[in-house]
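Reading through the structure tokens given below for one structure.
The values are calculated or read from the model by the stated rules, or taken from the named source; none is laboratory data. Everything numeric in this text was worked out from a predicted model, so none of it was measured. Cβ coordinates were reconstructed from backbone atoms using ideal geometry, including for glycine residues, and neighbour counts include every protein chain displayed.
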Amino acid sequence: MTNAPSAALDTAALARYLGAHVAGDWRDLSLRPFAGGQSNPTFLLTSRAGAAVLRKQPAGKLLPSAHAVDREFRIMQALHATDVPVPRMLHYCADPSIVGTPFFVMEHVPGRVLKDPLLEGESLGARSAMYDAMNASLASLHRVDYAACGLADYGRPGNYFARQVDRWSRQYRDSETQSIAAMDELMRRLPAMVPADDRASIVHGDFRLENLIYHPTEPVVLAIVDWELSTLGHPLADLAYNCFAYRLPRDAFGGLAGIDLADTGIPSEAEYVARYVERTGIRPAAPWGFYVAFSLFRLAAILQGVLRRALDGNASSADAIERGSRAQLCAETGLAALEDSPKVMPT
């Protein structure tokens, strides 16, 4: 990502700080920004201590509750004691004087970060196994006893969808750059469709292929990253968001809509959802189209924030304007999910 350029960070000051607060020899420190991503700038650190990763808030004015790196640090630290694959946390720093904003440092997990849901170049068997590993890691997250691992106050259990529709409607309005009729319609219709089901689990909030680190050669998820949007919420929101690629075209985040998956090794949306249900026993209390529409509405609101930051000159990625402009497509696809709600999830 173009994030904040590493040259803008005081490497010497950071090395002194890490040397005083984190075990290891942090001399000869260098920083390299990771490519990709739209949110919190992330850097590979190399020093005599080896490799580590730094993740910080972006500079500039931020939306309320956005870019909470302290929450990311807290949840990954708590989940490290569970079977959910996360990097090991090394240190959190709330002092903005070191690198300009609060930040945390975590272990570096070598592996593959795959951005294209079609997994071109992989064999049929590898594609199937990698999708199953993604499914299993999401299911393992939703099975965690959040109170037992110290996260009982990490969010407000219950009434999740109503609160989230309200939150993202406000976030969208705060960053609105143009009128999107489909967003207006989703904000009108979704509140009336919220199911009574108050089930709660830890939700990642941005669970998708790109936020997983796979083993360098095996179809195994070594780490789930980018926990900025995590909270306590309804697990089916995570599942539906994980499935948004099935609804979008290839030119939007590598979507799978219109692709005949029969000979790819990739499960259909219905097959993927059914496997999750087998693992968790979690079933819907509303039409599947509601969960899909909610997730695409939320994604559209996030992308609108990406676009606003880009137009304000505070983009965290060079392609932020292009990605942010897909808010309308996501909103329209979400609205279509309400109109055409196939029976994807088994009853």
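Observations, loosely collected:
- For the range 81-108, taking the residues that are within 30 Å of Ser201 (Cβ to Cβ) and among the acidic types (Asp, Glu), the one that is surrounded by the most Cβ atoms within 10 Å (Cβ to Cβ) is identified as Glu107.
- Among the residues listed as Arg199, Arg208, Arg189, the single one being more than 21 Å from the chain's Cα centre (by Cα) and basic (Lys, Arg): Arg189
- Taking every residue in the range 102-115 that is among the polar types (S, T, N, Q) and pairing it with any residue that is buried (at least 17 other Cβ atoms within 10 Å of the Cβ) and not in a strand (DSSP E or B), at least 6 positions away or on another chain, yields no pair with a Cβ-Cβ distance below 8 Å.
- Lone qualifier among Leu119, Leu114 - being outside the structural domain of Trp227 (by TED's automatic domain parsing), surrounded by 17 or more Cβ atoms within 10 Å (Cβ to Cβ) and more than 18 Å from the chain's Cα centre (by Cα): Leu119
- Which numbered condition Arg309 fails, given (1) surrounded by fewer than 17 Cβ atoms within 10 Å (Cβ to Cβ); (2) modelled with pLDDT under 90; (3) of a type in the set (Lys, Arg): (1)
- Considering only residues in the range 170-186 that are among the aliphatic types (A, V, I, L, M) and more than 14 Å from Phe294 (Cβ to Cβ), the one that is nearest to the chain's Cα centre (by Cα) turns out to be Ile180.
- Total residues in the range 271-303 satisfying the condition of being within 30 Å of Ala181 (Cβ to Cβ), among the hydrophobic types (A, V, I, L, M, F, W, C) and over 21 Å from the mean Cα position of the chain (by Cα): the figure is 2.
- Test: residue in the range 75-90 that is more than 17 Å from the chain's Cα centre (by Cα), over 28 Å from Ile282 (Cα atoms), modelled with pLDDT of 95 or more and not in a loop (DSSP other than H, G, I, E, B): yes
- Matching residues, the range 7-37, being without any contact (Cβ under 8 Å) to a residue 40 or more places away in the chain and of a type in the set (Phe, Trp, Tyr): Trp26, Phe34
- The number of residues in the range 249-276 being buried (at least 17 other Cβ atoms within 10 Å of the Cβ) and over 21 Å from Gly121 (Cβ atoms) comes to 3.
- Extreme residue, surrounded by the most Cβ atoms within 10 Å (Cβ to Cβ), among residues of the range 133-154 that are more than 20 Å from Cys243 (Cβ to Cβ) and in contact with a strand residue (DSSP E or B) (Cβ under 7 Å, 6 or more places away or on another chain): Tyr146
- Of the residues Met187, Met130, the single one that is farther than 20 Å from Glu269 by Cβ and either surrounded by fewer than 19 Cβ atoms within 10 Å (Cβ to Cβ) or touching a residue at least 12 places away in the same chain (Cβ under 8 Å) (or both) is Met187.
- Residue in the range 155-178 that is charged (D, E, K, R), farther than 30 Å from Thr264 by Cβ and assigned to a loop (DSSP other than H, G, I, E, B) present: yes
- Inclusion of Arg163 among residues that are modelled with pLDDT of 95 or more, under 19 Å from Phe294 (Cα atoms) and either among the charged types (D, E, K, R) or not assigned by TED's automatic domain parsing to the domain that holds Phe297 (or both) is not warranted.
- Test: residue in the range 193-207 that is assigned by TED's automatic domain parsing to the domain that holds Asp319, acidic (Asp, Glu), touching a Lys or Arg at 6+ places or on another chain (Cβ under 8 Å) and surrounded by fewer than 21 Cβ atoms within 10 Å (Cβ to Cβ): no
- Any chance Ala300 is at pLDDT below 85 and assigned by TED's automatic domain parsing to the domain that holds His234: no
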